[in-house]
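Engineer: Starting off with a structure, shown below.
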Amino acid sequence: MSYLDDIKDAISDFDEDRGRELAEEAVDEGVDPLDILDVVSEELGKLGEKFDAGEIFLPTVMSAADVVKAVMDVVNPVIEESGGERDSEGSVMIATVEGDIHDIGKSMVASMLLSNGYDVIDLGRDVPNEDFLKQIEEKMPDAVGMSSMLTTTMGRQEEIVEALREKGLKDKIKVIVGGAPITQSYADEIGADGYAKDAIEATKTLNKILNN
Amino acid sequence: MRRGIEPFETLKVFGEKEISEVHRNTLRIMEQVGLRVRSKDILEFLGDNGCEVDFDEQMVYVPSYLVEECIDSDPSSFRLGARDSENDVMFQQGRSYFCSCSGPINVLDQEEGINESTKKDLDDSVRLSDALKNIDIVWPQFSLPNDPLLGLHEMDSALSNSTKHIGLLNWYGRNLVGKQIDILREVAGGEQELRERPLATLYVEPTSPLSMAEEHAEAILEWTDHDLPYINFPIQFTGSTSPVTLAGSVSQALAESFLGLVIGQLNNPGNPFIGGVWPFPMDLKEGKSPYFAAEALLIQSISGQMADFYGIPVFGTGGCTNSYFPDAQMGTEMAMTLMGAFYGGETLIHDIGYTGAGDASSMENMVFANEIIEIFKKQSKGVDVNEDTLAFDLVKKIGPGGDFVSTEHTQNNLDKIFSPEFLKREKMDFLRDKSKKAMKKVRKKMKSILEEHEPKPLSSSTQEKIDQVIKESSEFL
């Protein structure tokens, strides 16, 4: 069995540690990191399709995504170091806004985006506006995703959009928003480029606004 | 005085052994796993009162004996005050009370579709709950999107459009909760009056798994400084923010709810408290959070059994639906969730009116649920067995081939058989008359209530003071 097959097995066994170890060993043994990336993306992509078709459950996709994330954390820096180019639908920075500690919806979106070929930078939850903006300026992702679950925190989304506008970044970075109280009309009102009601729609919306 | 209704018997999913295993598991989670409280002040308070605290990790570990003490000091019955004392509630674990949902920012109407809620919708929903006799506690059914003074505006709406006890979602930390209490004191007529007949119950929510935000922890301290009743209710989505197995999910939820109990009881032993657990697992096929699930009745019943075991009233969940239409799905889900909550033995049954799995709320559904509750009332009376009800002599007298319609016995007992207002048999021919559909009649009733019902307003001086407090509160934003 090759490393690539073993990594596939680690994904289907949801074994994050094994995935990480195998990736490290494979890189050490000279396996092309781009090949590793191809394999894990393909595996996750297949699961994403099955989920869309209602054939498998969400926890399956999220558990597999955890392994893929662990593998990517090993191989991505190696690829970057060697100046290699990898296929990606684009990069997305995602967070639950300041004052809001709801995590699960945002994490689902992150997993689904990952399974659809995006590079995902997940900043976590309750991310202060200041930190969020600093990270955006530093990493310059293609898109920013914001989640808020409370009517009292949805205003942070508007503040971030406004700050992007002031910094002259609004045209360079697409913004997509979601969360229980968020609607398409709110997204329009604050000037977000897209809105998604759930994790599946998030990928579709992002594909659309990034012209993928 | 409102006294609630008690089913003739409650559902029992657990035996004594299961109850005590879940209880032990709950204590073990609180003591060994601990809970995260995102507030230095609250952690200090808990540390000073016997809990083990880790300030770096913002964790509290509550020793079992302390949880048991708080369970013991918590009252199983208390009085909830109302602007009109006729509407005061003798609130008691073992009986059920009903109220609308709260929180959605959309109004769903059979004819007008979905629209974002306005202050007028809040006011209308409160007037409607005020008018419906089986609704014991009034909450504004909707929220206002992106309104930083939401908690005060909701309170104003509830107090000025109803004379019943009101429920409120917590949006704030200490400062603005203090302003809410200022308003309540004004309406009650003084601090002592407010303590004796508290006009409002506050809903706070831990964040599953095992965390509590600073504003909620602070609100509990502030609220219990004034003997005011509060709810601490977790939304532990089974399978996503709590274990997929119900026993583990409920244990974790109880631990989350009891964190609120502990904060309140340590601050003010004997303070009224309402616990509870969320009954709808995450839909793991689609990753969605529903407002109906097959497991609901099981969890509602466990919640009721644990409430009985602890002697602590619980917040329940019923009358809600995933559907956006007045259709079979809506009717099934509303009725099944209400039955699970009531026959499961939950105390304060909230969430009536939620449609589209929480996206919106329907005022029509309040009117419809009012009739379902009326049916529970009828059922709660059970069946009497005595000489008169066995009616042997009557059966003997009428005998084979006769009828019982025009007998004196039937005449004397007409009130024994329930007459529905909406769930009727309407004989129709092949051109079925849609205006006679139950939900069309429900809508007509809702319209007429909103046109006619005018609860006693607040005095103009009280209303002015409320407006003044809300104005002052802007400075805390």
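Engineer: Work out Dmax and Rg for chain A from the C-alpha atoms and quote the Rg first, both in angstrom.
Structural biologist: Reported Rg and Dmax, both Å: 17.4, 55.
Engineer: Work from the charge dipole of the range B:212-301 (Cβ charges, +1 for Lys and Arg, -1 for Asp and Glu, about the Cα centre) and give the residue of B:Gly287, B:Ile220, B:Phe273 farthest towards its positive end.
Structural biologist: My answer, from the dipole projection, is B:Gly287.
Engineer: Okay, moving on. Can you give the angle from 0 to 90° between the axis of helix B:16-28 and the longest principal axis of chain B, with both taken from C-alpha atoms, to the nearest 10?
Structural biologist: 30
Engineer: For q values of 0.16, 0.19 Å⁻¹, compute log₁₀ I(q)/I(0) with the Debye formula on a Cα-only model of the range A:3-82, without solvent.
Structural biologist: For the requested q values the scattering log ratios are -0.52, -0.71.
Engineer: For B:Glu68 and B:Asp415, compute 0.36 nm times the residue count separating them, minus their Cα-Cα distance, and round to one decimal in nm.
Structural biologist: Result: 120.3 nm gained on full extension.
Engineer: Compute the projected area of the convex hull of the Cα atoms of the range A:91-211, averaged over all viewing directions, and report it in nm² to one decimal place.
Structural biologist: 6.1
Engineer: Which Cα, out of B:Asn146, B:Tyr65, B:Ser162, lies furthest along the positive dipole direction of chain B (beta carbon charges, K/R +1, D/E -1)?
Structural biologist: Value: B:Ser162.
Engineer: So if I place +1 on the C-beta of Lys and Arg and -1 on the C-beta of Asp and Glu, and nothing else carries charge, what would the dipole magnitude of chain A be about its Cα centre? I want it in debye, nearest 20.
Structural biologist: With only Lys, Arg, Asp and Glu charged at Cβ, the dipole is about 1080 debye.
Engineer: Where the centre of each part is set by its Cα atoms, how far does the range B:382-408 sit from the range A:146-191, in angstrom?
Structural biologist: What the calculation gives is 70 Å, centre to centre.
Engineer: Between A:Glu80 and B:Gln463, what is the spin-label point distance in nm, taking each point 7 Å from the Cα along the Cα→C-beta axis?
Structural biologist: 6.2
Engineer: Sum up the charges of everything whose Cβ sits under 10 Å from the Cβ of B:Glu218, counting Lys and Arg as +1 and Asp and Glu as -1, but leave B:Glu218 out.
Structural biologist: Local charge sum for B:Glu218: -3.
Engineer: What is the distance, in nm, between label points placed 7 Å from the Cα along the Cα-to-Cβ direction at B:Val33 and at B:Glu196?
Structural biologist: Here the answer is 4.4 nm between the modelled labels.
Engineer: Given the DSSP H assignment, sum -39500 (n - 2.57) over each helix run of at least 4 residues in chain A and divide by its residue total; what's the result at 222 nm in deg cm²/dmol, nearest 500?
Structural biologist: One gets -18000 deg cm²/dmol as the mean residue ellipticity at 222 nm.
Engineer: If I take all pairs of Cα atoms in the range B:328-399, what percentage of them are more than 16 Å from each other?
Structural biologist: 60
Engineer: What pairs in B:Lys120/B:Lys444; A:Lys106/A:Lys174; B:Lys179/B:Lys471; A:Lys106/A:Lys208; B:Lys377/B:Lys437 have C-alpha atoms more than 21 Å from each other?
Structural biologist: Too far apart for the 21 Å limit: B:Lys377/B:Lys437.
Engineer: Give the distance, in whole Å, between the Cα centre of the range A:12-52 and the Cα centre of the range B:95-148.
Structural biologist: 50
Engineer: Using the scaling law 2.2 N^0.38 Å as the reference, what is the normalised Cα Rg of chain B?
Structural biologist: 1.02
Engineer: Another question, then. Treating only the Cβ of Lys, Arg, Asp and Glu as charged (+1, +1, -1, -1), what charge dipole size does the protein assembly as shown show about its Cα centre? Round to the nearest 20 debye.
Structural biologist: Its charge dipole is roughly 3720 debye.
Engineer: Hey, what D do you get for the protein assembly as shown in µm²/s if you plug the Kirkwood alpha-carbon radius into Stokes-Einstein at 10 °C and 1.306 mPa s?
Structural biologist: Translational D for this selection: 58 µm²/s.
Engineer: Using the Cα centre of the range A:91-211 as the reference point, and only Cβ charges (+1 on K/R, -1 on D/E), how large is the resulting charge dipole? Debye, rounded to the nearest 20.
Structural biologist: Once rounded to the nearest 20, the dipole reads 340 debye.
Coordinate-derived values only; no laboratory data. Here the structure is a predicted model, which means the values were calculated and not measured. Neighbour counts run over all protein chains shown; Cβ positions are idealised from the backbone, glycine included.
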